[in-house]
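Read through the structure below, which is laid out as structure tokens, and then see the notes.
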Amino acid sequence: MTLAWQQDQKRLTPDEVQAATFPLSRLGRRGYDEEHVREFLREVERELVTLLNEKVSLWNEVERLRKRIITGMKQGDAVLFGREDAHVHAVRILSNAQLTADRYVADAQAYSHKLTEEARTRRDEILLEAQQHADMVLEEAQSRARQAALATLNAPGGQSVETDRSALKAELAYLRTFGEVYRTHLRAYTEGMLRSIAEWEHNEAGAIAQATADAGNQFDTGRH
Amino acid sequence: MDALRLKDSFSKVVMHGDEVPLFFYSDLFIKHPEVRDLFPISMRVQREHLIGALAQIVTQVDRVDELGVFLQDLGRDHRKFGALAEHYDAVGDSLLATLAHFAGDAWTPEIAADWTDAYRLVADAMMAAARADEASRPACWQATVISCERKAFDVSVLQVRPEPRLDFLPGQSVAIETPQRPRLWRYYSIANAPRQDGTLDFHVRLIDGGAVSIALTYGQAVGDSLRLGPPVGVLTLDTTSRRDILMVAGSTGLAPLKAITQQVSGLAKPPHVHLFFCAKAADGLYDLPSLEKLAAEYHWLTVVPTVTADRRANGEKGTIPDVVTRAGNWSGHDAYLAGPTEMVRDVSARLAAGGTARERIHVEDFGWSEP
């Protein structure tokens with residue numbers, strides 16, 4: 001038996017759809033958006049593949065039914081579900097299970113990709129922020145210390161005999177101010193850290209309490 | 001065997017897309033459930049590989065010489081997957097069933113005979129190569145983790161001891177499988193020259209969403225076991241050359257170049273080695289302390305840390321090809337490059353443009369893109 005649709009004439013294949021190209025329209029003339037055309041071609045290709053597969057399944061089904069009728073007539077009683085049918089069904093079931101497993105693995109991988117990527121971005125942001133903050137603190141401490149040193153140097157009473165002494169004083173003022181500014185920032189930073197830890201603990205305690213309450217409620221509804 | 005008829009029938013079957021390998025593996029696993037264990041949980045990549053290999057075989061079926069090399073590699077490669085001689089019949093059986101299923105009424109006894117002959121040819125070549133390989137080495141090596149050290153937030157250095165001893169050339173790679181990700185093999189370069197005690201170092205970088213790299217960077221403890229495939233790769237030292245050496249390593253591409261550097265240190269008259277170690281940010285230069293120690297020890301070694309996207313870092317800055325070309329004229333050097341595919345390609349093109357002969361630019365061409 002040769003079915004009409006199995007005839008060996010030139011047919012459009014999914015590959016040809018995928019490889020199809022169109023010349024661009026001349027400048028200034030309206031044409032279709034290329035990406036839309038591509039998307040549609042991809043859809044057509046998928047549809048063709050699906051049709052081909054449905055066709056082959058149907059053909060195999062017809063073949064099996066035909067054989068069943070023939071053997072059934074010979075043996076006098078029709079076999080409703082032969083070994084071959086069982087095997088093809090088993091293949092289909094296993095294929096579906098495999099596709100489901102593939103999808104789970106792909107989803108898990110995509111999720112892990114997203115998580116690590118976000119963590120990496122967040123890490124870079126935090127590092128950059130910290131660096132900028134450190135730069136700022138350093139700059140501020142330096143400029144204020146410089147001012148303090150200048151003030152000491154220009155203070156009245158700074159005679160030429162006392163040049164060494166006043167230079168030392170200026171340096172001392174520089175270092176003292178530098179240290180003060182730095183300590184102030186360090187204190188502010190540490191306090192900020194402590195505050196976020198406290199906040200974190202508070203949130204966690206709240207979440208645990210909430211979860212316990214939810215579990216209790218569920219238990220209650222379960223008993224009703 | 002009619003090659004043209006074979007190609008024609010394959011092109012018709014392959015139109016059915018992913019359904020073809022899906023049917024093949026399901027058919028194989030139902031008839032031989034014990035074979036399922038030789039494959040990973042997700043079969044997506046496996047199915048693509050199967051169709052790819054079949055396409056290559058069918059294309060070259062009338063050019064047996066070219067095909068022979070491919071099939072020998074394939075046969076040897078399948079040893080570590082646990083493929084045995086009896087599996088070949090099972091696979092042939094399911095392959096024929098699959099082709100018959102998708103060919104529909106185009107499946108004739110002549111085409112069936114073509115495919116039977118072609119598969120015989122393929123299976124015989126693969127099995128012969130596997131048997132020859134068996135005489136010289138095991139299918140794979142069991143290795144025990146001796147240490148696992150985090151070097152950066154996304155890079156770990158693993159030290160393992162394979163059993164039995166694994167012989168290799170500095171710069172070569174092996175495929176690694178961890179029990180946490182059964183049946184997934186990924187290539188990693190060995191980061192040291194052969195040692196007396198046979199231990200091997202691997203530099204493993206976490207790849208976002210990578211199935212194996214995450215298990216290797218974060219999941220290994222001392223005493224854990226891994227499996228290693230046979231050593232492969234062509235990024236090895238040209239010992240006949242007397243020229244000085246330029247090395248450019250991007251991130252964990254350092255591993256094979258470090259191994260080669262260690263090999264150079266054992267030569268009677270080491271050539272000068274100029275090694276650029278490149279990363280995006282300063283903390284990506286995970287192995288710099290150990291390199292600087294080597295540079296202090298060996299007068300012939302210059303290490304140039306290079307950072308491409310971190311304004312605060314010390315050292316050379318800019319794109320890697322720029323930094324390398326700026327630093328000197330390399331036309332008289334042998335170059336060894338390893339790292340991300342793009343980096344290797346760009347540096348290689350720049351060196352060639354600068355007069356370094358293509359055959360003196362040594363690169364590896366796999367592994368880096370695999371997650």
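The values are calculated or read from the model by the stated rules, or taken from the named source; none is laboratory data. If you're wondering where the values come from, they're calculated on a predicted model, not measured in any experiment. Glycine also receives a Cβ, built like all others from the backbone with ideal geometry; neighbour counts cover every protein chain displayed. Accessible surface areas use protein heavy atoms only, side chains included; no ligands, DNA or RNA. Shrake-Rupley method; radii C 1.70, N 1.55, O 1.52, S 1.80 Å.
The table below lists the values:
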read-out: Restricting the stretch B:83-125 to residues that are open to solvent by 30 Å² or more (accessible area, probe 1.4 Å) and either on the phi > 0 side of the Ramachandran plot or assigned to a loop (DSSP other than H, G, I, E, B) (or both), the residue that is farthest from the other protein chains (Cβ to nearest Cβ); value: B:L84
read-out: Residue check for B:D133: within 14 Å of chain A (Cβ to nearest Cβ), among the acidic types (D, E) and assigned to a helix (DSSP H, G or I); value: no
read-out: In the stretch B:83-140, residue farthest from B:Y187 (Cα to Cα) [restricted to those that are without any contact (Cβ under 8 Å) to a residue 40 or more places away in the chain and hydroxyl-bearing (S, T, Y)]; value: B:T108
read-out: Residue ranges of helices (runs of 4 or more DSSP H) in the stretch B:252-349 with at least 1 members out of contact with any helix residue (DSSP H, G or I) (no Cβ under 7 Å at 6 or more places or on another chain), over 19 Å from B:H362 (Cβ atoms) and of a type in the set (V, I, T); value: B:320-326
read-out: Long-range neighbours under 6 Å by Cβ, at least six apart or interchain, first residue more than 13 Å from B:G17 (Cα to Cα) within the stretch B:36-59, second assigned to a loop (DSSP other than H, G, I, E, B) and open to solvent by less than 40 Å² (accessible area, probe 1.4 Å); value: B:L38/B:G82
read-out: Criterion: within 10 Å of chain A (Cβ to nearest Cβ) and under 27 Å from the mean Cα position of the chain (by Cα) - qualifying residue of B:V45, B:V58; value: B:V45
read-out: The one condition in (1) modelled with pLDDT of 95 or more; (2) more than 30 Å from B:A281 (Cα to Cα) that B:A103 fails to fulfil; value: (1)
read-out: Some residue of the stretch B:30-38 being in contact with a His (Cβ under 8 Å, 6 or more places away or on another chain) and within 12 Å of chain A (Cβ to nearest Cβ); value: yes
read-out: Which numbered condition B:M1 misses (of (1) part of a helix (DSSP H, G or I); (2) more than 12 Å from chain A (Cβ to nearest Cβ)); value: (1)
